[in-house]
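Asks: Below is one structure. I have some questions about it.
Please treat every number below as a calculation from the coordinates, not as lab data. Predicted model only: the values in this text are computed from it and were never measured. A quick note on method: Cβ atoms are made from the backbone with ideal geometry, for glycine too, and the neighbour counts reach across all protein chains shown.
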Amino acid sequence: MRNTIYALLLLFLFTGVNAQEYSKLINEADQLYRAKDYKMSADVYDKAFKIESENPSQLYNGACSSALAGNTKKAFKWLNLSIDKGWTNLKHLKSDTDLDNLHSKKEWGKTIEKLEKKIAAIEANYDKPLQAELLAILEEDQKYRMQMDETQKKFGPQSKEMNDLWKITMQKDSLNLIKVKKY
């Protein structure tokens, strides 16, 4: 009994240490990506994914770093794994310039097709008109928020431009909330 307790205690300690190490590596890989050191970023993602490879967004980010570093084989490996683990943003996948050098590879078409089939299976019983309306609301909701960072950098957080943008955003939020509440 005592040995079982010690074994479980060690397992919990090891799991906690691994989770901390994973988070540390993911943060480091992201910083390297932002610093445009794509090869090192991909190498650090590789270390992180040896600890855990369940988060589809992190796998996708690793694929981006690998693609930008020129390692298309690893980029496709992580991209496909991200899809297997739940990545479903086809629009982003098709427009992400980080992945441009993958577009000319024959595996690109297979990857797009794989994601399209997965999305079709997920959405088979969706109310398509409702989905289209909600996606339009989402796009409008994000439109003004996506301008905030650039506007704040250009004019400052307390500028007239930022205040105007916040007013528009709040007005759109109110209108969108009314639309969404009817469902």
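Asks: What three numbers, in Å, describe the spread of the alpha carbons of segment 101-157 along their principal axes, ordered from the longest?
Replies: 45, 36, 11
Asks: A further question on this structure: Quick check on the exposure proxy: order Arg145, Arg34 from fewest to most C-beta atoms within 10 angstrom. Don't skip to the answer; put the middle values down first.
Replies: Values: Arg145 12, Arg34 9.
By the 10 Å Cβ count, ascending, the order reads Arg34, Arg145.
Asks: How long, wide and thick is segment 59-156, going by the Cα atoms along their three principal axes, in whole angstroms, largest first?
Replies: Cα extents, longest axis first: 41, 41, 22 Å.
Asks: Here's a follow-up. What per residue convex hull volume, in Å³, do the alpha-carbon atoms of segment 126-183 yield?
Replies: In segment 126-183, the Cα hull volume divided by residue count equals 66 Å³.
Asks: In the set (i) 17.0; (ii) 17.6; (iii) 19.7, which value of Kirkwood radius over Cα pairs in Å was calculated from the structure you see?
Replies: (iii)
Asks: Here are some pairs, Lys143/Lys182; Lys73/Lys143; Lys117/Lys182; Lys74/Lys117; Lys24/Lys85; Lys24/Lys154; which of them have Cα atoms lying more than 28 Å apart in this structure?
Replies: Values: Lys143/Lys182 22 Å; Lys73/Lys143 35 Å; Lys117/Lys182 31 Å; Lys74/Lys117 22 Å; Lys24/Lys85 21 Å; Lys24/Lys154 32 Å.
Pairs exceeding the cut-off: Lys73/Lys143; Lys117/Lys182; Lys24/Lys154.
Asks: Taking the chain as a Gaussian network, Cα atoms linked when under 10 Å apart, which of Ser41, Ser66, Ser159 shows the biggest mean-square fluctuation?
Replies: Ser159
Asks: So which aspartates and glutamates pass the test for Lys94, namely a Cα distance under 12 Å, with those fewer than 8 places away in the same chain ruled out?
Replies: Here the aspartates and glutamates satisfying the reach criterion relative to Lys94 are Glu113, Glu116.
Asks: In deg cm²/dmol and to the nearest 500, what is the mean residue ellipticity at 222 nm of the chain if only DSSP H runs of at least 4 residues count, each as -39500 (n - 2.57), divided by the residue total?
Replies: -27500 deg cm²/dmol
Asks: Anyone know which of Tyr22, Tyr144, Tyr126 comes out most mobile in the 10 Å Cα GNM of the chain?
Replies: Largest GNM mean-square fluctuation: Tyr144.
Asks: Any idea what Rg and Dmax come out to for segment 17-100 if you just take the C-alpha atoms, in Å?
Replies: For segment 17-100, the Cα-based Rg and Dmax read 11.7, 37 Å.
Asks: If you average the sequence gap of Cα pairs under 8 Å that are 6 or more apart and divide by the length of segment 2-122, what percent do you get for the contact order?
Replies: Dividing the mean separation by the residue count of segment 2-122 yields 18 percent.
Asks: Which residue, Ala42, Ala132, Ala75, tops the fluctuation ranking in a GNM of the chain built on C-alpha contacts under 10 Å?
Replies: Taking springs between Cα atoms under 10 Å, the residue moving most is Ala132.
Asks: If you average the alpha carbon positions of segment 37-66 and of segment 68-107, how far apart do those two centres end up, in angstrom?
Replies: Cα centroid to Cα centroid, the span is 12 Å.
Asks: So, in Å, what gap is there between the alpha-carbon centers of segment 150-166 and segment 127-148?
Replies: 23
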